[in-house]
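The values are calculated or read from the model by the stated rules, or taken from the named source; none is laboratory data. These numbers were taken from a predicted model, which means no experiment stands behind them. Note that we place each Cβ from the backbone using ideal geometry, even for glycine, and neighbour counts take in every protein chain shown.
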Amino acid sequence: MKRITLAWYLIAGLLFWGLPGVFVSGSSAIVLTFAAALPVWLLARRPAILPGQDEKQLSPAFRRLAIFTVVYLFLDQLLGRHLLNYNLLLVGHAGYENMMDKTNQRISQGRGFADLLGFILMFLPFALVDLARRVRQNTVWGEKFRLGSYALWAAAILDILYQPSSSRGFLAVALLAVILGGAKNAQHLLWAAGASFAAFTIGSIVRGDYQTVTFSNPMFDALGFPFINLAMLLNSNCGTGHWYQYLFEFVNKFIPGFIFPKHIYSFNMEATLCIYPQLGGEVESVSIYTYLGEFFYYKPSLVTALLCGGLLGFMARGLDRLIVKHRLYTVRLFTGFISIYLLRSRSLDVMSLFIALFLFLFLWPILSRVSGLPVPPLSTVQEEVRTTT
């Protein structure tokens, strides 16, 4: 799994959520899907060569990083996002209702400081897992710092259980990434897929989806309704935008909402209010339309598709260089799988995810310096770059 780059996850997601659109919009779905996937593939072809680094031996203090994680979660619940109020595992369907109330109140608003920080540190537990595995695999450190690796695992699990909010998908993807990060054979792959499906099913039961969704089948709703919603959107008069507005929405993501108040075009929310005018400005659930919904909205659609593919491919290439540099392969697994999951909704959401990951990878050397893990030597880094690109 270490050799699969972010670009290939993107291509898989674009094809998976794009090609079935042919049953809704005809051959245009095929054209737009490949128009978005082609730039990603072209940018993924050339290997990325990283600059060298000198090896540094730092004093081990892995438990400090685990303590930092636990303290951050405590402060975030006390002063920040209060995610336990929406936690799927704790409050079930009530958490989903609370989250929808928050969504209705904050429509078209940017993230505050706590939300932005939480979005960036979403990758932290997966980096802790990578760090814990590297400690245990190190022949010198493995036994000496066993308790430190256990502390990292405990902090990572606590962080993952804190984050799901009302999302079944996050829990399933997180479990899949963590298991596959240590997979060594096909049996492990099957076990990871089964565990992820079980997490999705249990999350659906806890959230009450089997009693509230159409046909009482959350899996069908998750896979089928984005295309049903897309058909409804294409048959509605919800207006259109221009390709440069799509680009502006991307640029707008680099402006922190807590520093400079900004207006964000919430495409899914606006489209939901358009196709369901009887809701009167407040929704009980936000419909999604696959990433093709954005392409059909921002005209010309082909230009938007090519622009999307170029932006995603360029960002994925840069991120892969940094991921290999820091050897955060569980982070890449999580990012790849969550990207596929997000493409059932919006391509711009994937871009937000990538920007957050860039910021996290900028902060990670500071955090990992606290943990005391040596920086990999030049020969190791360059060899891993060649095998993963």
Out of (1) modelled with pLDDT of 65 or more; (2) under 20 Å from the mean Cα position of the chain (by Cα), the odd one out for GLY110 is which?
(1)
Scan of the stretch 153-176 for residues that are touching a Ser or Thr at 6+ places or on another chain (Cβ under 8 Å) and over 21 Å from PRO218 (Cβ atoms), ordered by number
ALA155, ALA156, LEU158, ASP159
Of all residues in the stretch 9-32 being out of contact with any Gly (no Cβ under 8 Å at 6 or more places or on another chain) and aromatic (Phe, Trp, Tyr), the one that is surrounded by the fewest Cβ atoms within 10 Å (Cβ to Cβ)
PHE23
Here's a check for you: in the stretch 81-97, which residue that is surrounded by fewer than 17 Cβ atoms within 10 Å (Cβ to Cβ) and assigned to a loop (DSSP other than H, G, I, E, B) is modelled with the lowest pLDDT?
GLY92
Tell me whether the stretch 198-206 contains one or more residues that are under 30 Å from LEU328 (Cα atoms), of a type in the set (Phe, Trp, Tyr) and modelled with pLDDT under 85.
yes
Is the stretch 56-78 home to any residue that is farther than 15 Å from ARG369 by Cβ, small (Gly, Ala, Ser) and either at pLDDT below 50 or assigned to a loop (DSSP other than H, G, I, E, B) (or both)?
no
Top-ranked residue of the stretch 223-281 - restricted to ones that are among the β-branched types (Val, Ile, Thr) and part of a loop (DSSP other than H, G, I, E, B), ranked as modelled with the lowest pLDDT
ILE259
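Residues checked against (1) surrounded by fewer than 20 Cβ atoms within 10 Å (Cβ to Cβ); (2) on the phi < 0 side of the Ramachandran plot; (3) modelled with pLDDT under 95:
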site: GLU284; (1), (2), (3): yes, yes, yes
site: VAL324; (1), (2), (3): no, yes, yes
site: VAL331; (1), (2), (3): no, yes, no
site: PHE334; (1), (2), (3): no, yes, no
site: SER345; (1), (2), (3): no, yes, yes
site: LEU367; (1), (2), (3): yes, yes, yes
site: THR389; (1), (2), (3): yes, yes, yes
